[in-house]
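Below: the structure, in structure tokens.
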Amino acid sequence: MTYPILFRRKVLSVREKENLSIAQVAKRFGVGVASVMRWIKTPDPKTTRNKPATRINMEMLAQDIKNYPDAYQYERAKRLGVSKQGINHALKRLGVTYKKKSLCHPKASEKERRIFQQKIEDYERAGRVIVYLDESGFAHDM
């Protein structure tokens, strides 16, 4: 969190008027010595830049997303000849996020599930006892 500009200027003006050391003024205002030293060098807080991509062609990136929707960022960076971090920032500017394609497991099959459910119903109609086992506590690699 940055301190307001008026507070910074007040600290620096009190230091000059009362001829205090950096440590004394820091203790008086309850701030760090390093903060006061930094304020002496640059009294105003640094502003953030919203710089557009210089090397990344946004149209080419959008086309790459259409051509390779499941590609990793390092793959895009390699194809476009830029850094991974540059791709990350450019994707944020485009508003592109990576989300799961579906809410079901990729190996789930409706056909196999219906077959399994049919077997269970057949066993129940035949009067057989169905026992479900929890194998999560067993080691299968032994």
Original post:
In the range 6-23, what residues are at negative phi and outside any helix (DSSP H, G or I)?
Top reply: Leu20, Ser21
**OP:** For Pro52, work out the one condition from (1) modelled with pLDDT under 90; (2) assigned to a helix (DSSP H, G or I) it doesn't fulfil.
**Re:** (2)
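Please enumerate the residues belonging to the range 55-97 that are within 16 Å of the chain's Cα centre (by Cα), among the hydroxyl-bearing types (Ser, Thr, Tyr) and either surrounded by 11 or more Cβ atoms within 10 Å (Cβ to Cβ) or modelled with pLDDT of 90 or more (or both).
Of the residues in the range 55-97, the ones within 16 Å of the chain's Cα centre (by Cα) are 72-74, 84-97.
With among the hydroxyl-bearing types (Ser, Thr, Tyr) added as a condition, the list becomes 72, 74, 97.
Across the range 55-97, the qualifying residues are Tyr72, Tyr74.
The values are calculated or read from the model by the stated rules, or taken from the named source; none is laboratory data. Note that the structure is predicted; figures quoted are calculated from it, not measured. Glycine also receives a Cβ, built like all others from the backbone with ideal geometry; neighbour counts cover every protein chain displayed.
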